[in-house]
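Visitor: My questions all concern the structure below.
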């Protein structure tokens, strides 16, 4: 864990991976620190805003270093099923990048459990990870960290929306998700 000053009222915590970032985020929600606002998770970071009148940066950094970095069991997370239509213009290209047929990509995508790692800059735009590690080579990731700049692959679409349903800091409802493959 590396704790950096982001500004005079926020620390940026760099962690080893997404699981540690989410674990620290969940820890701060479950056991809040006096003077700390809503943390903002990223792929390997957590921005922790605070009131300098309530806690010093050094005190907050020391507290953050005591927090567990193990994530809660996925079984305690809420599962959400999102209907997906595999009609994306990039379905064949994404499958080819993985060395699969489009049918294999759909089969693997619908069989995998997906987890919202964090919510991006646009409301409802979730960065997701999968329990099928082979499905996520950097060249073929649809809408995920590691994509080539300006080029996201879209193998399918959905009418589902999280807008209006996600709580503040919406990544806290991360949990296993199984696309229905419709």
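Please treat every number below as a calculation from the coordinates, not as lab data. Computed from a prediction, not measured in an experiment: that's the story for all the values here. With ideal geometry, Cβ positions are generated from the backbone for all residues, glycine too; neighbour counts draw on all protein chains shown.
Visitor: Normalised by the residues of region 2-72, what does the relative contact order come to in percent, with Cα pairs under 8 Å and at least six apart?
Guide: It rounds to 38 percent for region 2-72.
Visitor: If you take the beta carbon distance between residue 34 and residue 131 as r and set R0 to 45 Å, what does 1/(1 + (r/R0)^6) give as a FRET efficiency, to the nearest 0.05?
Guide: Efficiency for this residue pair is about 0.75.
Visitor: If you don't mind, another one. Nearest 0.05, what FRET efficiency do residue 55 and residue 107 give at R0 = 45 Å with Cβ-Cβ as r?
Guide: Once rounded, the FRET efficiency stands at 0.35.
Visitor: Give me the distance in nm between label points sitting 7 Å out from Cα along the Cα-to-Cβ direction at residue 65 and residue 92, one decimal.
Guide: 5.6 nm
Visitor: Please report Rg over Rh for region 2-72, where both radii come from the alpha carbon positions and Rh follows the Kirkwood definition.
Guide: Reported Rg/Rh (Cα atoms, Kirkwood Rh): 0.92.
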